[in-house]
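To keep things clear, I will list the structure first and then write my remarks on it.
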Amino acid sequence: MCVLMDLPTSERAKFLKWNLDTLGGADFTSPAGSRHAIDYAAPGGPTAEVRAQALYGLAEHPMVGGGRVPLTLAITSPAHRPIQTTRDLPAFWQGSWRDVAKEMRGRYPKHPWPDDPASAAATLRTKKAGGSSRP
């Protein structure tokens, strides 16, 4: 059995690149079109930090590893402060989202906080700059 650290550096790099490509790439592209680095070494598994508004319109949870591994989403506010970490986005939208959105509307009133984010348009803009508004 070959141990990864026993391989020469160039072979190790090829192996790691092949695994990264197989797992799903180095980045997660949100419905808003923004790219987010995936941390495959994170304790909770592959993780990407993404603003909540960039995930609007996403009704299914993103997967890596050929659709076998859920991507852990570290969801942040418009100021990139942590809001929630989830491996089940649809359950988050249907569950605690209502409370999170209520709090975020008070803190970030210029940003859209829809009641049904799974069917809302993804945006990285404020309401005034052309982001979607609350239904």
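The values are calculated or read from the model by the stated rules, or taken from the named source; none is laboratory data. From a predicted model like this one, the values you see are computed outputs, not experimental measurements. Cβ placement follows ideal geometry from the backbone for every residue including glycine, while neighbour counts extend to all protein chains displayed.
Consider region 17-50 and keep the residues that are in contact with a Leu (Cβ under 9 Å, 6 or more places away or on another chain), on the phi > 0 side of the Ramachandran plot and surrounded by fewer than 18 Cβ atoms within 10 Å (Cβ to Cβ). The one that is modelled with the lowest pLDDT is 45.
Conditions (1) surrounded by 15 or more Cβ atoms within 10 Å (Cβ to Cβ); (2) modelled with pLDDT of 95 or more; (3) farther than 17 Å from residue 73 by Cβ, marked per residue:
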| site | (1), (2), (3) |
| --- | --- |
| 91 | no, yes, no |
| 95 | no, yes, no |
| 98 | no, yes, yes |
| 101 | yes, yes, no |
| 116 | no, yes, yes |
| 126 | yes, no, yes |
| 129 | no, no, yes |
| 133 | no, no, yes |
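I'm trying to understand the selection: among the residues of region 51-77, which are closer than 22 Å to residue 126 by Cα, surrounded by fewer than 20 Cβ atoms within 10 Å (Cβ to Cβ) and not small (Gly, Ala, Ser)? Selection gives 76 alone.
Each residue in region 104-114 was checked for being closer than 21 Å to residue 90 by Cα and exposed (fewer than 13 other Cβ atoms within 10 Å of the Cβ), and 0 of them qualify.
So which residues in region 22-48 are part of a strand (DSSP E or B), out of contact with any Ser or Thr (no Cβ under 6 Å at 6 or more places or on another chain) and under 18 Å from residue 82 (Cβ atoms), if there are any at all?
Within region 22-48, 28, 36, 37, 38, 48 qualify.
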